[in-house]
Amino acid sequence: MAGLIDLVERLTTPHPLDRYLELVHPTFTLRDMRAEITHVRRGTVGSVTLTLRPNRRWAGHLAGQYVQLGVVIDGVRHTRCYSPVNAQGRRDRHIELTIKAHPGGLVSNYLHEEAIPGMVVDLAPAAGVFHLPEQRPEHVLLISGGSGITPGLSMLRTLANESYQGRVLFLHYNRSPEWVPHRTELEAIAMQHGNIQVEFRYPELGTDPNFGYDELERLAPWFASAQTYLCGPGGLMKAVRTVYEAEQLVDRLHTEEFTLTAAPADSADVEGDVTFSGSAVTTANTGASLLEQAEAAGLTPEYGCRMGICFSCTAVKRSGCTRNMRTGELDADPDQPIQICISAPVGDVDIAI
Ligand SMILES: Cc1cc2nc3c(=O)[nH]c(=O)nc-3n(C[C@H](O)[C@H](O)[C@H](O)COP(=O)(O)OP(=O)(O)OC[C@H]3O[C@@H](n4cnc5c(N)ncnc54)[C@H](O)[C@@H]3O)c2cc1C
Ligand code: FES
């Protein structure tokens, strides 16, 4: 099949075959992965849930993984990562995404306001190591906060579909009940499965405590024998990590963040100039990531996850030294492709943007 496609593409040069097929229907592509939005639900405060029908290139996801979704807004293509909330191995191959409208966020607000059935979006294959292992753990603890509910929801639905027999606690933190997407369904899953417990906590309402050891021990005294999957805002991530570190259980804690938590820059590194030589712009180094410094200078480099996962932001560093904001590693090699969302300049840097 691939050989035949190559042959036909040689005949249709200079345009790839997909450019002709998409004239018939935007999802009729052989190489590009696309999906058509079939349903849009806006029932929960602050988020929208989209059902997508992907084309034949979609190979499914493992519960907890994410996809990259691309949309064109005002003529510019933007990609962002979203974690499907449906169970893995869904028979009709549809994908369900729940997207929180991020204050000031471009793509999330666009989808929140503009998504309608029939709209076609670009997709990349599911990726990420944050997923249920093939050999299901003895017990599973799913902790999430805010929009971080999505990968855990896919895991919970998958375990429920499989009639998983271990204990499951789904512990979710949010502002108030109306902000929790899929809340009624989560409660229904707990009602139907005696081994699954679903708990919601609303610390901002003043009625519930924040995450802590006592709460964990009370809800899931078996937590030390479980694998724990955690996704949420920085404060929750830190609180859970602190407990697991104290209990020497970090090897049982699996985490995913939707935004970058970077160590603050060493003030000695914050010197020199950043030159965006592709745009003939030079600014004083502020110590922020090269992506943020480019944006502050009025440039609009491409990005997706803003946290070193998707490689959408890769650009060539012509000269100078950069620090990887996640690992602290320094890179002084010239003419290297780097991820500008997680690279901070250390002194003078020239980047081909
Ligand atoms: C693995 C992964 C899975 C994810 N899964 C989900 C999910 O299931 N559901 C979900 O709702 N979200 C998810 N996200 C988050 C999602 O990818 C987006 O980050 C989110 O939707 C915001 O995108 P946006 O385009 O609306 O915001 P953006 O426009 O990208 O803005 C987001 C933030 O970036 C910064 N920023 C943007 N532009 C500038 C600028 N010009 N200058 C300085 N700072 C700027 C600001 O801090 C802003 O608040 C996931 C992220 C990752 C990494
Ligand atoms: S934006 Fe995803 S790696 Fe930089």
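List of remarks:
- Fraction of alpha-carbon pairs over 21 Å apart in the range 199-353 - percent: 54
- The Cβ shell under 12 Å around LEU142 holds other residues with a net charge of 0, Lys and Arg each +1, Asp and Glu each -1.
- THR49, THR242 arranged by Cβ crowding within 10 Å, fewest neighbours leading: THR242, THR49
- For LYS317, LYS238, LYS100, the sequence from fewest to most other C-beta atoms within 10 Å is LYS238, LYS100, LYS317.
- Long-range tail of P(r) for the chain (Cα pairs > 34 Å, %): 36
- 18 Å cut-off, amide nitrogen to a point 7 angstrom out along LEU205 Cα→Cβ, residues in the range 168-186: 170-186
- Once the chain from ASP331 to GLU217 is taken as fully extended at 0.36 nm per residue, the excess over their C-alpha distance is 36.7 nm.
- Taking the chain as a Gaussian network of alpha-carbon nodes connected by springs under 10 Å, the highest mean-square fluctuation of the residues SER289, SER277, SER312 belongs to SER277.
- Panel order for GLU185, GLU257, by other beta carbons found within 10 Å of each beta carbon, from fewest to most: GLU185, GLU257.
- Local net charge near VAL349, Cβ-Cβ under 10 Å (Lys/Arg +1, Asp/Glu -1): -1
- What the Cβ-Cβ distance of ARG77 and GLU245 gives, at R0 = 41 Å and to the nearest 0.05, is a FRET efficiency of 0.50.
- If you bin all the Cα-Cα distances of the range 119-198 at 10 Å, starting from zero, the percentages per bin are 16, 47, 29, 8, 0.
- Restricting the calculation to Cα atoms, the range 276-316 yields a radius of gyration followed by a Dmax of 10.3, 28 Å.
The numbers here are math on the coordinates, done by the rules we state, and not lab data. Everything quoted here is computed from the prediction, not taken from an experiment. So basically every Cβ, Gly included, is an ideal-geometry build from the backbone, and we count neighbours across all protein chains shown.
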